1. Under a cut-off of 19 Å between alpha-carbon atoms, report the aspartates and glutamates in cross-link reach of B:Lys15, not counting same-chain residues fewer than 8 places apart.
2. If you build a Gaussian network model of chain B, linking Cα atoms that sit under 10 Å apart, which residue out of B:Tyr120, B:Tyr254, B:Tyr172 swings the most?
3. Name the chymotrypsin sites (Phe, Trp or Tyr not before Pro) in region B:36-77 that are in a loop by DSSP and that have at most 11 other C-beta atoms within 10 Å, would you?
4. Which trypsin sites (Lys or Arg not before Pro) in region A:46-80 sit in a loop by DSSP (not H, G, I, E or B) and have at most 11 other Cβ atoms within 10 Å of their own Cβ?
5. Given H placed on each backbone N at 1.01 Å, which residues far from B:Arg135 in sequence or on other chains put an amide H within less than 5 Å of it?
6. Could you give the size of the charge dipole of region A:11-258 about its Cα centre, using +1 on the Cβ of each K and R and -1 on the Cβ of each D and E, expressed in debye and rounded to the nearest 20?
7. Among B:Asn247, B:Val236, B:Gly180, whose Cα sits farthest toward the positive end of the charge dipole of region B:112-264 (+1 at Cβ of Lys/Arg, -1 at Cβ of Asp/Glu, about the Cα centre)?
8. Go through B:Met275, B:Met95 and list them by solvent-accessible area, largest first, probe radius 1.4 Å.
Amino acid sequence: MSRHATPDRAAAVLLEGVHKFFGNYHALRGIDLTIAKGEVCVVIGPSGSGKSTLLRCINQIEQISAGRVRIGGTLQGYDERNGRLHELSPRAIDRQRRLTGMVFQRFNLFPHMTALGNVIEGPVQVKRIPKAEARRIGRDQLARVGLTDLEDRYPNQLSGGQQQRVAIARALAMEPEVMLFDEPTSALDPELVGEVLDVIKDLAASGMTMILVTHEIGFAREVGDRMVFMDHGTIVEEGQPKQMLAAPKSTRTQAFLSKVL
Amino acid sequence: MASGHDDAARDEGQKVRLNDVVPHRHPGRWVAVALLAVVVAQVAHGIIVNPNFHWDVFWQYLFAPTVMAGVGWTLMLTVIAMLVAIVCAVILVLMRDSENPILRTVSWLWIWFFRGTPLYTQLLFWGLFAVLFPRLSISVPFGPEIIGVPTDWVVTAGVAAILGLGLCESAYLAEIFRAGFRAIDRGQTEAAQAIGMSKGRIWWRILLPQALRTIIPPTGNETIGMLKGTALVLAVPFTLDLMFATNAISNRIYLPVPMLMVAAFWYLAITSVMMIGQYYLERHFGRGQDYVPTRHA
Ligand SMILES: Nc1ncnc2c1ncn2[C@@H]1O[C@H](COP(=O)(O)OP(=O)(O)OP(=O)(O)O)[C@@H](O)[C@H]1O
Ligand SMILES: [Mg+2]
């Protein structure tokens, strides 16, 4: 099934022959992808090509229909014994989800909690870190995204860019191995895009492993170690961003890039 | 923020002189107030000096022991029946959203039945329960009884009233609760899952507080409805509540109007206290959305 004869089990993220069906709709059609530790992988592609679905399968918001997802070498969602897959308990799946931090297009902050409350929710409720220490961690994370003074604000008292940065801090507070970004700036006003991209750039520079779905092609070229172009649930082409943008091999990639560049 | 000459907002050391504004006047409002005051005074005068209202009798019985006991029983019925209804409604909502089709169907049938029959009929039924099922027992089906008690030891008039009021109400509350949870964006659950929260914790920490914000106002309505619904427990028959107590007195003294006023007074008093409670609940669960505390007062 997999093209990877000897899968790199140390890879941060490894997808082998991943398929996803929504009923009869075949949203992911055999995805193979290896992402090394510290690598920044940018995913581009037309609307409906399955980019969000890919991220949602990696952090198990959606259950995959076929294939394997491994994070840090650990099979996600299942236990493989005697050649059969056994579904993990919900508890075990919740524990695996901590390995990935997810940032959503529409922020999805908890509206009834302050910025700091949002950030410490995971550390306190999931990791059971004492409140005082969690607050310290939370403040550090808010400082990291440049929001030192706004910890007491509720989400609806923050600008879109500030909300998205809180969402990034919330994901970082769980100390994930991999960060997944699903079009983090496409719900933002143009003048707010930069502040979020700056935070992501810093994260990339700090060595965080990341998968970033984006329509910001310029930014993708700048931060990406690797670029993946998806269409109709498959990876059509992948490579070094600068090379791929300068000389796309596939005609489908060419067609897409000619529209967005 | 009030306006005035000395009022100045500070921003990084810079003093900003705020506008000194003469507010727009609303003469129409004052005319309306004056007209209303005249009408209110007329009506109040008409009621207060009217001998048919027997205000002396009103005052005589307002704090009468049986009336006070009636207030207590009515309050107790309301609170306990409401608690029963809330617990049942939460279970119904969880069943309705579960993956088990049998639980979903049971929940649907429960709501269908208890919403579809009149409360008065249900109360009559619970009153007759002990007659219909004289013994409550656990037994081998069609075989000998293992353990059992006479039903009227368990389902007393009070219990029957609470079951009647509570189970009927649970069907309405279940629909209110379900709507409250439905209104929450799916992204909330996904964001909570993404930080590794368990299903139970997501429900308790993320979904419930947000649902309560929309659930509380209609539930306040229902509670007030329940308070007045207790007047129907006569059907069981349960004979200690406020309505029965005031009715009993008026039948004795042949003066229904002052006793109706006594009952109305107490229902209003209880409702008022409940509304104050509701205000604080709404404020608590609306934080961050409806009631945003400002740091710059
Ligand atoms: N829960 C679902 N049920 C059915 N179909 C779905 C579901 N989620 C996604 N799809 C379908 O799967 C396909 C891929 O969706 P996906 O959201 O991954 O696209 P995308 O590449 O992220 O697009 P966009 O750039 O618009 O965000 C779409 O055709 C979509 O309609
Ligand atoms: Mg998408």
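The values are calculated or read from the model by the stated rules, or taken from the named source; none is laboratory data. If you're wondering where the values come from, they're calculated on a predicted model, not measured in any experiment. Note that we place each Cβ from the backbone using ideal geometry, even for glycine, and neighbour counts take in every protein chain shown. Just the protein is used for accessible areas: all its heavy atoms, side chains included, with ligands, DNA and RNA removed. Shrake-Rupley method; radii C 1.70, N 1.55, O 1.52, S 1.80 Å.
1. Result set, ordered by chain and number: B:Asp6, B:Asp7.
2. Result: B:Tyr254 has the largest fluctuation of those listed.
3. Values: sites: B:Phe53, B:Trp55, B:Phe58, B:Trp59, B:Tyr61, B:Phe63, B:Trp73; in loops: B:Phe63.
Answer by residue number: B:Phe63.
4. Here no trypsin sites (Lys or Arg not before Pro) fit, given the DSSP loop and packing criteria.
5. Result for B:Arg135 returns B:Thr151.
6. It comes to approximately 660 debye.
7. B:Gly180
8. B:Met275, B:Met95
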